[in-house]
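Report on the following structure.
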């Protein structure tokens, strides 16, 4: 027991050293910089393909591909935080002056900012959803604690040259932490619900087709350039491109505007990723493609939404508040002392 206490005291003494804090800060900074050079969150095979087996062995072995979540990196940051707090405590023991209190607040601020940044880098949860107008999605199915997201409407505003000026999603977030939220979101104007934010990210077209190949009619919902498997045994799939304002001119087949004045679906049938047939079908009409009989029923837009939950931002904010408070106390009282001594 005496040996344990001796080593514990030695450990605390080393941890409370400013030199230790500086070394830990340099190590954390260097490792964090390394994390920016290595693509994060990829499968082990990705690092073998891009870096070669020897380097990939080190990356996968040390968890550098998920650096901000690996145990030893979190441990380094915990040790750094404890070292900063220990240094602050040592200073506080030496005196009870206002400047010491200010120093303690600034040390605490560094710990809050550091831990909040690590939390945001490693423990933030985000996902990208593509939601059709009128569709409701359970956020729980995508790793969020609760809530149901509904896209009530989606609108696109165009410049005179038909380039998108702005696209807006009218959202309802219901049953999220006991509250309901409604917001029209667009680029740089997200829906905010506590630490959860929903950003407007992208948009696209979705087509509704019917497979008439068999006696039982089958509905197919197909996003633009998305693949849909028609026959698993024969490995036959379909892809589609939406032509909202179809024109077939001397310059080729294209859409002369994004406004659906003359909507067509350009369907491509593939077998084992090789094109075997294609056709351009007007809205409401059908066509035979290879062994398939397909009808183009309807179309609509979908909204690409980036959903992000980041609780670390509150720790960072609290850290900056503490930092500003510490700076205010230190230099405010210093200014008052100087005025009083005149």
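Read-outs throughout are calculated quantities, based only on the coordinates presented, and are distinct from any laboratory measurement. Keep in mind the model is a prediction, meaning the values are calculated, not measured. All Cβ positions, glycine included, derive from the backbone under ideal geometry; neighbour counts span all protein chains shown.
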Mean Cβ count within 10 Å, highest first, over the residues of peptides 52-59, 148-155: 148-155, 52-59
What distance in nm separates the two pseudo spin-label positions at residue 148 and residue 189, each 7 Å out from Cα along the beta-carbon direction? 2.7
The chain, helix-only ellipticity at 222 nm - DSSP H runs n ≥ 4, -39,500 (n - 2.57), divided by all residues, nearest 500: -13000 deg cm²/dmol
For residue 259 and residue 291, what is the calculated FRET efficiency with R₀ set at 41 Å and r taken between the beta-carbons, to the nearest 0.05? 0.75
Matching label for the computed log10 I(q)/I(0) by the Debye sum over Cα atoms at q = 0.06, 0.09 Å⁻¹, out of (1) -0.21, -0.48; (2) -0.34, -0.61; (3) -0.41, -0.77, is (3)
Tell me the relative contact order for the chain as a rounded percent, counting alpha carbon contacts under 8 Å between residues six or more apart. 18
Residue span residue 3 to residue 300: 0.36 nm per residue of separation minus Cα-Cα distance leaves a gain in nm of 99.6 nm
Name the most mobile residue of 296, 11, 140, meaning the one with the largest mean-square fluctuation, in a Gaussian network model of the chain with Cα contacts below 10 Å. 11
Fully extended contour minus Cα-Cα distance, from residue 275 to residue 135, at 0.36 nm per residue: 47.2 nm
Give the order of 205, 266 when sorted by the count of other beta carbons within 10 angstrom, beginning with the fewest. 266, 205
Label points 7 Å out from Cα along the Cβ direction at residue 216 and residue 75: separation in nm? 5.6
Please build a GNM for the chain, connecting alpha carbons under 10 Å apart, and tell me which residue among 204, 35, 304 fluctuates the most. 35
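Taking 0.36 nm per residue of sequence separation and subtracting the Cα-Cα distance, how much length would be gained by fully extending the chain between residue 179 and residue 313, in nm to one decimal?
On the way: separation 134, 0.36 × 134 = 48.24 nm, distance 2.12 nm.
Separation in residues times 0.36 nm, less the Cα-Cα distance, equals 46.1 nm.
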Taking 7 Å along the Cα-to-C-beta vector as the label spot, tell me the residue 58-residue 170 distance in nanometres, rounded to one decimal. 5.7
